[in-house]
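The values are calculated or read from the model by the stated rules, or taken from the named source; none is laboratory data. Being a predicted model, the structure only gives us computed values, none of them experimental. Here the Cβ positions follow ideal geometry from the backbone for every residue, glycine too, while neighbour counts run over all protein chains shown. In case anyone asks, the SASA skips ligands and DNA or RNA and just uses the protein heavy atoms, side chains included. Shrake-Rupley method; radii C 1.70, N 1.55, O 1.52, S 1.80 Å.
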Amino acid sequence: MKRSIIKYGLYLATALPLMGMGTGLLCSCDDMFEPADENYRQAEDMTEESKYAHGLLIYAYDRLPYQTTSQTDVATDDAVTNVTNSAYLNMATGTWASDNNPVSEWDRCRDGIQYVNLFLTIVEKVKWAPSAASKQQMFVDRLKGEAFGLRALFNYYLLMAHGGYADDGVLYGIPLLLKPEDGSSDFNQPRATFAECVKQCYADCDSAMALLPMDYTEIASADEIPAKYQALGANASNYNLVFGNKARNLLSGKVAEAIKAQVALLAASPAFREQSGVTSAEAATLAANVLKRIGGLQGFDPIGNKDWFKSSYKTMIEGSEIPEILWRADRSKNASQERENFPPTLYGQGRVNPSQNLVDAFPMRSGLPITDPNSGYNPQDPYANRDLRLADMVIYNGQTFRKSEIITGTYPAIHGEKAETDDNINSISTSTRTGYYLKKLLREDVSPLSSSLIEQQHIYPRIRYTEIFLAYAEAANDAWGPKGDPTNVGFTAYDVIKAIRERAGLGTNEMGLPLAEGDAYLEACAADQAKMTDLIHNERRIELCFENKRFWDLRRWMMPLNETVKGMKVDRNEATGELTYTVIEVEDRKYDNSYQCYGPIPKSEILKWSKLKQNKGWQ
């Protein structure tokens, strides 16, 4: 009997992920069209075998667009890479095109949506727990809720990567797919408007929140079970099986709520707000809804700017929840990130090199920008009395890291009796190009050297609360000014930025004591909405650096993409030992700001489907 390719693909999509295999199989043409019955599952079989049905959702999770290392940062003014064949380096220096797009989300996210849509057609038919009506309904609700939330997430990333204005002046999103595609589908679908896509994201987030608990936690008694499950006879044990701790890190109600807030911030941003149908007031309110669940600023993590990625945070090992992280991937014990980014003398490859542009964004400890004539900044002692976050996130010349002095200048470091120059700027292929090495995200108790390998647990956040606080501050300031709070959420844009800067230790002297004038720069910005906007942008840049946010932020803010990336050359006078600091140009960026704030639709799709409109400026 003939079998369709679509049904065979359905088997591959469900069975193989559960077996830990990919879909790159080798088979004969006859096997492709007429696979043996014993090696094949039809759609109706999945209602009887829940593990195959669940494979669809697992495969959708496998398409999550989050990155666990710094990737897109090296295509921005925050960093460069020493990897000469990097796709991001090539993109940033002039090769970005609709048929050469390393930041495309088209295939991955649309694949994820296809698996979600397939899953939603069968989830209520599958026998998840046929012996208990309450358990069956709880599984259906949770899995449906996850699916709706995942679809919203995939559409959000598609909007970031591919939303934009076409030549007809309309702001488009992507084709909205709410049903699975098969052999009889019409694949030639037009793009929905950006506003329509936002509404669908909202609807999917709302559906997810209606079905999911806000958090997956254990309950102690049946009295805590929602009434609809109590009516079906649910007990605490079964409720905990479905909605308890074992489900942590799956998409929950609070994650769906946060995704909705992220969609709103994107839609209310300068690049999209004109036709998105979303205002900054709406975006601020949706972000506030997320933050109210942790008590607003009462839930602001006092060590959330650094310790979630440091070994001192014991919960990384113990596995308990981290207050700073709203949603994260599973922990992983490895040394890969350190192997890629440690300086060469520590057996790393120094891949991500922070820029002077980013270093200059860190203010003085007083809170004043280094460009302020009253800041006390000394270009020939550039790291003195700076924002403490700088030393936590960037390795600069002379800094001690893993008990070794890292010299990024042009003179050797003395390690015992050995003079080391490998960490020097442009010394070898794995040396820094900017005079800086990455420090954020790395654990100093890791040893990447294969002969003395020490691996440690790493946490990979997907959404941090600091990101949501900054989203609220950005939208609230835009809507109501620095100190406006017409919705009475209990805090303002000013309050959020004040908390972030206090956590960073700004407004203090070298001894850590508060300055008499406090954080004078913050107070000056509080009286000027435009200055507060710039400050919020800068705080977001600092707090979220190397987390793959900057590339998307610059584009949605419609800020210049082609700022020349700079570095710092440090020379030493051999006679006096005096150091001389010289800012150098490292890499010219060749973006076209006239249209590249919007990404392209893949050229291969434009060539195939006549109803797809390309974004203006892209070929």
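The table below gives the values:
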read-out: Matching residues in region 319-371 - criterion: being among the β-branched types (Val, Ile, Thr), touching a strand residue (DSSP E or B) at 6+ places or on another chain (Cβ under 7 Å) and more than 17 Å from Leu441 (Cα to Cα); value: Thr345, Ile370
read-out: Scope region 230-275; condition of a type in the set (S, T, N, Q) and under 18 Å from Asn155 (Cα atoms); matching residues; value: Ser252, Gln262, Ser269, Gln275
read-out: Total residues in region 99-143, condition closer than 18 Å to Leu159 by Cβ, among the hydrophobic types (A, V, I, L, M, F, W, C) and touching a Phe, Trp or Tyr at 6+ places or on another chain (Cβ under 6 Å); value: 2
read-out: Looking only at region 455-482, and only at residues there that are more than 27 Å from Gln529 (Cα to Cα) and of a type in the set (D, E, K, R), the one that is surrounded by the most Cβ atoms within 10 Å (Cβ to Cβ); value: Arg462
read-out: Residue check, Glu539 open to solvent by 40 Å² or more (accessible area, probe 1.4 Å), among the acidic types (Asp, Glu) and modelled with pLDDT of 95 or more; value: no
read-out: Count of residues meeting criterion [open to solvent by less than 10 Å² (accessible area, probe 1.4 Å) and either without any contact (Cβ under 8 Å) to a residue 24 or more places away in the chain or of a type outside the set (Val, Ile, Thr) (or both)] in region 483-505; value: 4
read-out: First in region 531-556 and free of Cβ contacts under 8 Å to residues at least 40 places away in the same chain, second anywhere and open to solvent by 30 Å² or more (accessible area, probe 1.4 Å), Cβ under 7 Å, 6 or more apart; value: Lys531/Ala524
read-out: Candidate set: region 325-352, residues that are part of a loop (DSSP other than H, G, I, E, B) and among the aliphatic types (A, V, I, L, M); chosen: the one most open to solvent (accessible area, probe 1.4 Å); value: Ala329
read-out: Pair list, Cβ under 8 Å, 6 or more apart: region 60-88 residue more than 17 Å from Gln349 (Cβ to Cβ) and at pLDDT below 95, other residue open to solvent by less than 40 Å² (accessible area, probe 1.4 Å) and part of a loop (DSSP other than H, G, I, E, B); value: Gln67/Asn548
read-out: Extreme residue, farthest from Ala329 (Cα to Cα), among residues of region 437-454 that are of a type outside the set (Val, Ile, Thr), open to solvent by 10 Å² or more (accessible area, probe 1.4 Å) and over 24 Å from the mean Cα position of the chain (by Cα); value: Ser451
read-out: Members of region 554-568 found to be over 14 Å from Glu587 (Cα atoms) and open to solvent by 10 Å² or more (accessible area, probe 1.4 Å), listed by number; value: Arg556, Trp557, Met558, Met559, Pro560
read-out: Identity of the residue in region 283-312, open to solvent by 20 Å² or more (accessible area, probe 1.4 Å) and among the charged types (D, E, K, R), that ends up nearest to the chain's Cα centre (by Cα); value: Lys306
read-out: Selection from region 485-525 of residues that are among the small types (Gly, Ala, Ser) and modelled with pLDDT of 95 or more; value: Ala493, Ala499, Ala504, Gly505, Gly507, Ala516, Gly518, Ala520, Ala524
read-out: Cross-chain or 6+ apart pairs with Cβ under 6 Å, region 607-619 first and of a type outside the set (Ser, Thr, Tyr), then in a helix (DSSP H, G or I) and open to solvent by less than 100 Å² (accessible area, probe 1.4 Å); value: Leu612/Glu605; Leu612/Ile606; Gln614/Ile606
read-out: Inter-residue pairs, beta-carbon under 7 Å, first over 23 Å from Cys545 (Cα atoms) and touching a residue at least 60 places away in the same chain (Cβ under 8 Å) and in region 421-442, second acidic (Asp, Glu) and surrounded by fewer than 22 Cβ atoms within 10 Å (Cβ to Cβ), 6+ apart; value: Ile428/Asp422
read-out: The listed residue being modelled with pLDDT of 95 or more and surrounded by 16 or more Cβ atoms within 10 Å (Cβ to Cβ), out of Asn397, Asn374; value: Asn397
read-out: Residue check, Arg402 of a type in the set (D, E, K, R), in contact (Cβ under 8 Å) with a residue 40 or more places away in the chain and in contact with an Asp or Glu (Cβ under 7 Å, 6 or more places away or on another chain); value: yes
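Here is a yes/no grid of residues against (1) in contact (Cβ under 8 Å) with a residue 40 or more places away in the chain; (2) farther than 30 Å from Leu265 by Cβ; (3) open to solvent by 40 Å² or more (accessible area, probe 1.4 Å):
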site: Trp106; (1), (2), (3): yes, no, no
site: Val123; (1), (2), (3): yes, yes, no
site: Ala132; (1), (2), (3): yes, yes, no
site: Gln137; (1), (2), (3): yes, yes, yes
site: Phe154; (1), (2), (3): yes, no, no
site: Leu176; (1), (2), (3): no, no, yes
site: Asp182; (1), (2), (3): yes, yes, yes
